[in-house]
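Each remark here refers to the structure printed beneath this line.
The values are calculated or read from the model by the stated rules, or taken from the named source; none is laboratory data. Source: prediction; values computed, not measured. Positions of Cβ are backbone-derived with ideal geometry, glycine not excepted, and every protein chain shown enters the neighbour counts. Ligands, DNA and RNA are excluded from the accessible area calculation, which covers all protein heavy atoms including side chains. Shrake-Rupley method; radii C 1.70, N 1.55, O 1.52, S 1.80 Å.
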Amino acid sequence: MAGSVRIIGTGQLLELQRRLRRAGHENIRASMQRRIRRAAEPLKSDLQDKIRTLNISSQGRAGGRRGGPSPTTRPLRATIANAIRISVRTSGDPGARVWVDKGALPADLKRMPDVINEGRIRHPVFGNRRRWATQWADAGWWDKTVRDHTPRITREVERVVNDVRRHLE
């Protein structure tokens with residue numbers, strides 16, 4: 001699913017968060033949050049690059065049919081790329097979350113990241129609901145990118161947690 005991905009080590013982070021709260025080290029907590037965000041930034045950048053350069057193709061028009069200008073000048077891939085966000089929490093449900101902020105997308109594109117991730121985009125032709133077209137994209141742009149980055153982010157978060165734990169001892 002292209003909605004969101006969460007990188008967490010729940011047990012370790014919850015225990016560490018409790019110890020930080022007891023110790024009252026705000027600067028350590030802020031540093032930990034900053035380092036976890038820094039670990040997730042390459043994933044966000046790579047996701048944005050993947051969607052911006054994603055190949056979306058179609059069969060094209062049949063001969064003799066007329067076309068016309070697109071009813072929108074909104075760039076689809078750039079709009080989705082600009083809606084990818086990161087949030088980091090060190091309390092409550094700690095971890096890093098990378099997701100597509102559907103509130104930042106126009107109403108007609110809210111499902112589009114999931115649809116593109118599936119690889120088959122079916123839509124009305126220029127808004128005409130009696131004529132439909134199918135376009136194809138490389139399936140799994142979100143899933144594959146997240147899968148590629150997960151081991152690195154997990155190692156980084158474990159390193160941050162261990163550094164903070166050593167500092168508290």
Quiz item: What are the residues in segment 119-153 that are surrounded by 12 or more Cβ atoms within 10 Å (Cβ to Cβ), on the phi > 0 side of the Ramachandran plot and modelled with pLDDT under 90, if any?
Solution: Phe126
Quiz prompt | Qualifying residue in segment 26-41 (condition: open to solvent by 50 Å² or more (accessible area, probe 1.4 Å), modelled with pLDDT under 75 and in a loop (DSSP other than H, G, I, E, B)) | solution = no
Quiz item: Any residue at all in segment 154-161 that is in a strand (DSSP E or B) and either open to solvent by 40 Å² or more (accessible area, probe 1.4 Å) or more than 17 Å from Asn55 (Cβ to Cβ) (or both)?
Solution: no
Quiz item: If we keep just the residues of segment 43-71 that are over 15 Å from Asp143 (Cα atoms) and surrounded by 13 or more Cβ atoms within 10 Å (Cβ to Cβ), which is modelled with the lowest pLDDT?
Solution: Ile56
Self-check item: Unmet requirement for Pro113, which otherwise passes all of (1) open to solvent by 90 Å² or more (accessible area, probe 1.4 Å); (2) of a type outside the set (A, V, I, L, M, F, W, C); (3) under 18 Å from Ser45 (Cα atoms)
Solution: (1)
